[in-house]
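Here is the structure we will look at.
The values are calculated or read from the model by the stated rules, or taken from the named source; none is laboratory data. All values reported here derive from a predicted model rather than from experimental measurement. Note that each Cβ is placed from the backbone with ideal geometry, even for glycine, and that neighbours are counted across all protein chains shown.
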Amino acid sequence: MRRQLITLTAVLASLALAACSASPTVKGEQGAQQLTFDEQRQAILSMAGSFDVTFHFEETVPMTLGYELTAPYTEHATEKVLVLEDSPKRISLQHLLVVNDHVVKHWRQDWEYEQTQFWQYLGDYTWGKREVPTDEAKDTWVQTVWQVDDSPRYAGIGRWQKQHGVVSWESDASWRPLPRREYSKRQDYDVLVTVNRHVLTPQGWAHEQDSQKLKSASDTLVAKERGVNTYHRNPALDFAKAEQYWQETKAYWQAVREVWEPLVQQDKVALQWPGDDKRAHFSAIARDALNQTEEPHTPVQLQAAAEKALAPFLINPQDAVGQLSAMAQ
């Protein structure tokens with residue numbers, strides 16, 4: 001665990017240097033132009049709508065002797081991105097995924113302006129507080145990304161800018177747990193160290209992820225990976241089923257978010273790693289969301305139900321030490 005903490009400290013030290021180098025630039029300096037506050041807000045809001053989506057992840061460079069790159073992963077789907085909240089310094093976007101006519105509540109991205117404290121992934125399926133000096137937080141947006149059951153996933157800080165006519169936001173490098181496409185298949189690494197990028201395109205937007213697959217206990221990289229998810233705006237898509245699902249379940253998901261709000265304010269919060277357990281927290285919370293639609297519930301009842309559904313998966317952060325890093329030895 002000590003080695004893991006040293007690794008994270010080193011990573012965060014490099015992040016501080018990156019934050020300093022990413023200070024606002026005047027027009028013409030390195031070809032970048034700082035956006036106004038309103039332009040930054042509109043850039044975030046422009047990611048809402050109806051989209052044809054392609055998810056593509058490809059390992060690019062082996063970083064361990066004898067390692068063989070895995071086959072690229074590509075999937076196609078459609079997504080409805082809803083605006084859950086639009087206040088001056090906070091915007092929340094909820095993704096609803098539709099694959100083969102099946103609706104999945106997908107990831108959520110929250111954007112907050114000039115935040116000096118937010119949570120970060122620490123490894124071993126544990127999240128804790130991160131503090132940013134006020135001067136480094138100036139004119140930045142923190143993006144927090146939540147998993148399909150509204151549990152935390154990763155967070156990063158960066159600035160929106162315009163360069164060569166392209167509007168984009170790029171985070172510092174931050175930790176995140178294994179993606180769901182690999183968490184039940186891979187045991188040779190336990191952390192993704194990723195620079196996250198959102199780029200507005202003529203067709204919609206793109207989500208780019210430059211990642212390194214890390215064995216945190218030995219501070220060893222397994223491979224590098226490039227992810228490019230493209231969102232092509234298509235107003236003609238039929239999201240009637242997705243919209244119906246959201247109308248039926250949104251009150252429950254609000255209750256889930258309210259349950260998580262005080263939890264992520266703690267020094268640390270940890271979950272039991274799902275592994276290949278079909279009763280993992282992802283599916284358990286999703287099932288409970290549907291259960292609550294069978295009859296009307298008050299907000300108090302929904303919050304109690306959400307707390308009960310989540311409770312079996314919350315663990316003491318001390319008990320979480322080593323639950324992922326040990327498997328990647």
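Look through Q266, Q292 and report the one residue that is more than 27 Å from H76 (Cβ to Cβ), polar (S, T, N, Q) and surrounded by 14 or more Cβ atoms within 10 Å (Cβ to Cβ). Walk me through how you get there before you give the answer.
Details: Q266 fails: surrounded by 14 or more Cβ atoms within 10 Å (Cβ to Cβ).
None of the other options fit; the residue is Q292.
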* Enumeration of residues in the range 60-89 that are among the aliphatic types (A, V, I, L, M) and either in a loop (DSSP other than H, G, I, E, B) or farther than 26 Å from D238 by Cα (or both) -> V61, M63, L65, L69, A71
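So, in the range 132-145, exactly how many residues are part of a helix (DSSP H, G or I) and of a type outside the set (D, E, K, R)? Walk me through it before giving the result.
Step one: filter the range 132-145 for residues part of a helix (DSSP H, G or I), giving 134-137.
Restricting the remaining residues to those that are of a type outside the set (D, E, K, R) gives 134, 137.
Total meeting the criteria: 2.
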* What do you reckon, is I315 free of Cβ contacts under 8 Å to residues at least 60 places away in the same chain and surrounded by 14 or more Cβ atoms within 10 Å (Cβ to Cβ)? -> yes
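For the range 228-253, give me each residue that is of a type in the set (S, T, N, Q) and surrounded by 16 or more Cβ atoms within 10 Å (Cβ to Cβ).
Of the range 228-253, the ones of a type in the set (S, T, N, Q) are 229-230, 234, 244, 247, 249.
Selection gives N229, T230, T249.
Taking S211 as the residue in question, decide whether it is farther than 22 Å from A43 by Cα and without any contact (Cβ under 8 Å) to a residue 40 or more places away in the chain. First the steps, then the outcome.
Values: farther than 22 Å from A43 by Cα: yes; without any contact (Cβ under 8 Å) to a residue 40 or more places away in the chain: yes.
Spelling it out, S211 is indeed farther than 22 Å from A43 by Cα and without any contact (Cβ under 8 Å) to a residue 40 or more places away in the chain.
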* Applying the selection to the range 256-300, what residues are basic (K, R), closer than 23 Å to L96 by Cβ and modelled with pLDDT of 95 or more? -> R257
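It is to be established whether one or more residues within the range 148-161 are surrounded by fewer than 18 Cβ atoms within 10 Å (Cβ to Cβ), in contact with an Asp or Glu (Cβ under 9 Å, 6 or more places away or on another chain) and in contact (Cβ under 8 Å) with a residue 40 or more places away in the chain. Walk me through it before giving the result.
Quick first cut of the range 148-161, residues surrounded by fewer than 18 Cβ atoms within 10 Å (Cβ to Cβ) only: none.
Taking every residue of the range 148-161 in turn, none turns out to be surrounded by fewer than 18 Cβ atoms within 10 Å (Cβ to Cβ), in contact with an Asp or Glu (Cβ under 9 Å, 6 or more places away or on another chain) and in contact (Cβ under 8 Å) with a residue 40 or more places away in the chain.
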* Quick check: is even one residue across the range 240-255 in contact with a helix residue (DSSP H, G or I) (Cβ under 9 Å, 6 or more places away or on another chain), of a type in the set (A, V, I, L, M, F, W, C), farther than 26 Å from D101 by Cα and in a helix (DSSP H, G or I)? -> yes
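Please count how many residues of the range 43-59 are outside any loop (DSSP other than H, G, I, E, B) and either out of contact with any strand residue (DSSP E or B) (no Cβ under 9 Å at 6 or more places or on another chain) or crowded, with 16+ Cβ neighbours inside 10 Å (or both). If you could, list the steps in order and put the result at the bottom.
Within the range 43-59, the first condition is being outside any loop (DSSP other than H, G, I, E, B), and the residues that meet it are 43-45, 49-59.
If we keep only those that are either out of contact with any strand residue (DSSP E or B) (no Cβ under 9 Å at 6 or more places or on another chain) or crowded, with 16+ Cβ neighbours inside 10 Å (or both) as well, we get 43-44, 49-53, 55, 57, 59.
Within the range 43-59, residues that are outside any loop (DSSP other than H, G, I, E, B) and either out of contact with any strand residue (DSSP E or B) (no Cβ under 9 Å at 6 or more places or on another chain) or crowded, with 16+ Cβ neighbours inside 10 Å (or both) number 10.
Pick out, from the range 146-200, the strands (runs of 3 or more DSSP E) lying fully within it that include 2 or more residues that are within 17 Å of the chain's Cα centre (by Cα), under 21 Å from A284 (Cβ atoms) and modelled with pLDDT of 95 or more. Lay out the reasoning, then the answer.
Numbers: elements: 152-163, 166-176, 191-200.
Fully inside the range 146-200 and qualifying: 152-163.
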* Check Q203 against each of (1) of a type outside the set (G, A, S); (2) crowded, with 18+ Cβ neighbours inside 10 Å; (3) within 22 Å of L93 (Cα to Cα); (4) touching a Lys or Arg at 6+ places or on another chain (Cβ under 9 Å) and name the one condition it does not meet. => (2)
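Of all residues being hydroxyl-bearing (S, T, Y) and more than 28 Å from T201 (Cα to Cα) in the range 164-190, which is surrounded by the most Cβ atoms within 10 Å (Cβ to Cβ)? Just the residue, please. Reasoning before the result, please.
Here is the first cut: in the range 164-190, the ones hydroxyl-bearing (S, T, Y) are 168, 171, 174, 183-184, 189.
Add one more test, that the residue is more than 28 Å from T201 (Cα to Cα), and what stays is 183-184, 189.
Values: Y183: 19, S184: 14, Y189: 22.
My answer is Y189.
Considering only the range 16-33, I want to know if a residue exists there that is modelled with pLDDT of 95 or more, among the charged types (D, E, K, R) and under 27 Å from Y113 (Cα atoms).
Let us first name the residues in the range 16-33 that are modelled with pLDDT of 95 or more, namely none.
Checked the range 16-33: no residue is modelled with pLDDT of 95 or more, among the charged types (D, E, K, R) and under 27 Å from Y113 (Cα atoms).
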* Do we find that D150 is farther than 30 Å from L69 by Cβ and out of contact with any strand residue (DSSP E or B) (no Cβ under 6 Å at 6 or more places or on another chain) in this structure? -> yes
